[in-house]
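Participant: Below is a structure I'd like to ask you about.
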Amino acid sequence: MADPPGCCSACATCLLCPYSCQWITAKKEKRKGLRTTKCDCSWFLFLFCVFLFALVWLYFAIIILNDFHNFNEFIFRQRKLWLDWSQVLLIATAVLISYSSVLLVLALCLQLCGQPLKLHWVHKVLLILTALVVAAAFTGLGIKWAEEWKSARISLQATGPFLHIGTVGGMTLLAWPLASFIYRTRSAGLRAFLLLVYCAAMIALYLAPLGITSPCIMEENQLPPKPALVGHRGAPMLAPENTLMSLRKAVECDVKVFETDVMVSADGVPFLMHDEELTRTTNVQAVFPDRAALSTAFNWTDLQQLDAGSWFLERRPFPTVQNLSPGDRNETTKQRIPSLEQALEAVKQSNISIMFDLRPENHSDYQNFVSVTLGVILQSGIPLQQVLWLPDGFREDVKQQAPGVQQVYGRKRLKNEKEPVLHVNLPYQDMSSEEIRQYRQDNISVNLYVVNQPWLFSVLWCSGVTSVTTNACQVLKEMKHPIWLLPSSTYLMIWIVVDCVSFLIIIWAFVLLKKCSHRRQPAESETDVLLTKINSLLQE
């Protein structure tokens, strides 16, 4: 490799020290005759790959925040430890991406300054550890949370056009250090290889929009109506889940349906509770320390003694808890487990619908649970069309006893349905935009859960979904329009402009650095001749 060009000594020193972990000036480095070897180039390539690897994980980490509350609940059920693990995830990811990006920037600056890329062994070890940590994170995601891969696919519909622009911009900036390296190296084969790889990558990026699809690339007049909001256990970011306060907060967020979970007490009273154990959302361990915490093992009198609200203030399951007013905090501490009868009365007065699961499905007395629950519904006087029935068990009995209840299915429609399916309730990962549009054309109501992030809500809105179940009703309520909506002609214009500007900048970078390299060559040649004469005189 040719001798490096001159560079500001102070700048080069500041770059060399953190990258090589040695306090050595650029002049001393140059006098030592150090060069960037093939091994150093290999480590730079590894650094670049680790940076991209960590960047992809950062993208995944942001995407899975929509579902991270489920992970927090899972950890609590397994370890009885409550912590907002999303903060741990984001902090760890930020550290990894910051470390690799700083090293990459240092390496690129050193390359532009013509300094050797002598990565210190400490950095090498840390880079290997970074790669292993990110690989372990992806492996764990694939094993324990495989459905998030589908979430990533959906996210590309929301971010694809912008990821394309960002990637083109990043690769365009990479042209400067690449051109500097190509004009400095003496290996023709290496120059040809790097140019070939870079050109192939840029051509692929320029043509990438041909494969980018998004439901939000449409005309304004084609946008479907805004999806209705279904409060997941009420408004769990504003009040303790499955309480009357949570129901009231959901109504204030203009939800159309209150989604909840029903269990039946030991003495036959249906009540609202999600977990099979009372530990997470009540103070059962303090009131009944010697009893098992199974929800269905308690009678209604015992359940009424439990505090169903204070845990919300103590554990802060969502960051929004810290913003509660003094009045809301006081009301939270007074919450008790509500019965289904109380919830139906509140729903009837609020003129919204109620949709619920009946748990636990594997209970030996489940048929009696269905009968008791249905009896409470019929006695409540609520219009049956406001009741959305989710449980699959003994569904035919429910149809016969309460034909007015709306049947909601937790599956897609089958080819040979005996009765038409009018309502489906599915995870948002399980339906594509094309399926949503087809169901909409066939007048089938589609509710997808759990949708908390505005980007996801925007994609489903553009796809034409009927409603979404959400924890963040107070956020989605304020959305009057999808985050972005682009007519296809506008996106085509952006695509062409970005590609053209990128191409011109790349050509400019290579031409400019070629001129700079030609200016350096005469001076370098004269220096080489002088050094050769001095060496000959010394030998004589």
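Participant: Determine the gain in length on full extension of the stretch N221-C500; use 0.36 nm per residue of separation and subtract their C-alpha separation, reporting nm with one decimal.
Facilitator: Result for the pair: 97.4 nm of gain on full extension.
Participant: Sticking with this structure for a sec: If packing is taken as the average number of other Cβ atoms within 10 Å across a peptide's residues, how do 175-187, 136-148 rank, most packed first?
Facilitator: 175-187, 136-148
Participant: In what order, largest first, do C109, C500, C253 sit by accessible area if the probe radius is 1.4 Å?
Facilitator: These residues rank, largest area first, as C500, C109, C253.
Participant: Another one. By the scheme Lys and Arg +1, Asp and Glu -1, what is the net charge of all other residues having a beta-carbon under 15 Å from that of T282?
Facilitator: Once positives and negatives cancel, what remains is -1.
Participant: Can you give the relative contact order of the stretch 286-418 as a percent, counting alpha carbon pairs under 8 Å and 6+ residues apart?
Facilitator: 19 percent
Participant: Please list D392, D357 from largest to smallest accessible area, probe radius 1.4 Å, with all protein chains kept in place.
Facilitator: The ordering from most to least exposed comes out as D392, D357.
Participant: Continuing with the same structure: Taking the Cα centre of the chain as origin and charging only Cβ (+1 Lys, Arg; -1 Asp, Glu), how large is the dipole, in debye to the nearest 20?
Facilitator: 2680 debye
Participant: Please compute the contact order of the stretch 228-477 in relative form: average sequence separation of alpha-carbon pairs under 8 Å and at least six residues apart, divided by the residue count, as a percent.
Facilitator: Working: 467 pairs, mean separation 52.7, N = 250.
Relative contact order, the stretch 228-477: 21 percent.
Participant: In debye, nearest 20, what is the charge dipole magnitude of the stretch 228-477 about its Cα centre with +1 on Lys and Arg Cβ and -1 on Asp and Glu Cβ, if you could check? Intermediate values should be presented prior to the final figure.
Facilitator: Details: 23 positive and 29 negative charges, 136 e Å.
That gives the stretch 228-477 a dipole magnitude of about 660 debye.
Participant: In the structure displayed, which of K249/K348; K80/K150; K226/K348; K256/K418; K256/K348 lie more than 18 Å apart, Cα to Cα?
Facilitator: Details: K249/K348 15 Å; K80/K150 29 Å; K226/K348 24 Å; K256/K418 29 Å; K256/K348 12 Å.
With Cα atoms farther than 18 Å apart: K80/K150; K226/K348; K256/K418.
Participant: Determine the gain in length on full extension of the stretch K418-D442; use 0.36 nm per residue of separation and subtract their C-alpha separation, reporting nm with one decimal.
Facilitator: So the chain would gain 7.0 nm between K418 and D442.
Participant: Could I ask something else about it? Just grab the label-to-label distance for R411 and I203, each label 7 Å out from Cα along the Cβ direction, in nm (one decimal).
Facilitator: So the two model labels end up 4.9 nm from each other.
Participant: For the chain, calculate the relative contact order in percent as a whole number, restricting contacts to Cα pairs under 8 Å that are 6 or more residues apart.
Facilitator: 16 percent
Participant: Around F44, under 12 Å between beta carbons, what's the net of Lys plus Arg minus Asp minus Glu among the other residues?
Facilitator: +2
Participant: Further question on the same structure: Is the stretch 228-477 best put as rounded, prolate or oblate by its Cα gyration tensor, with a ≥ b ≥ c the root eigenvalues, rounded for a/c under 1.5, and otherwise prolate when a/b is larger than b/c, oblate when not?
Facilitator: In terms of gyration-tensor shape, oblate.
Participant: A follow-up question, please. Please say if the stretch 260-364 is rounded, prolate or oblate, where rounded means a/c under 1.5 for a ≥ b ≥ c the square roots of the C-alpha gyration tensor eigenvalues, and otherwise the choice is prolate for a/b larger than b/c and oblate otherwise? Show your work: numbers first, answer last.
Facilitator: On the way: a/c = 1.82, a/b = 1.16, b/c = 1.57.
Here the stretch 260-364 falls in the oblate category.
Participant: Which of A200, V376, T282 sits farthest toward the positive end of the charge dipole of the chain, with +1 on the Cβ of Lys and Arg and -1 on the Cβ of Asp and Glu?
Facilitator: A200
Participant: Counting only DSSP beta bridges with both residues in the stretch 228-477, tell me the antiparallel percent, nearest 5.
Facilitator: The antiparallel fraction comes to roughly 15 percent.
Participant: So how much accessible area does C41 have, in Å² to the nearest 10, using a 1.4 Å probe?
Facilitator: Counting only protein heavy atoms, the figure is 40 Å².
Participant: Grab the Cα-Cα distance for M479 and K256, subtract it from 0.36 nm times how many residues apart they are, and report the gain in nm with one decimal.
Facilitator: Here the answer is 78.7 nm.
Participant: Determine, for each peptide in 320-329, 437-446, 260-269, the mean count of other beta carbons within 10 angstrom over its residues, then list the peptides with the highest first.
Facilitator: 260-269, 437-446, 320-329
Participant: Grab the DSSP H runs of the chain that are 4 residues or longer, score each as -39,500 (n - 2.57), total them, divide by all residues and round the 222 nm result to the nearest 500 deg cm²/dmol. Walk me through the numbers on the way to the answer.
Facilitator: Numbers: 21 runs with 304 residues, N = 540.
Dividing the helical sum by the residues of the chain leaves -18500 deg cm²/dmol.
Participant: Which helices, counted as full DSSP H runs in the chain, have an axial Cα extent of no less than 18 Å and a Kyte-Doolittle average of -1.0 or above?
Facilitator: Length and hydropathy pass: 38-63, 85-113, 121-144, 148-173, 188-207, 366-380, 488-539.
Participant: Here's another thing I want to ask about it. If r is the Cβ-Cβ distance from S101 to L195 and R0 is 22 Å, what FRET efficiency results, to the nearest 0.05?
Facilitator: Values: r = 25 Å, r/R0 = 1.15.
Efficiency, rounded to the nearest 0.05: 0.30.
The values are calculated or read from the model by the stated rules, or taken from the named source; none is laboratory data. These numbers were taken from a predicted model, which means no experiment stands behind them. As a convention, Cβ positions derive from the backbone with ideal geometry for all residues, glycine included, and neighbour counts pool all protein chains shown. The accessibility values were calculated without ligands, DNA or RNA, using every heavy atom of the protein model including side chains. Shrake-Rupley method; radii C 1.70, N 1.55, O 1.52, S 1.80 Å.
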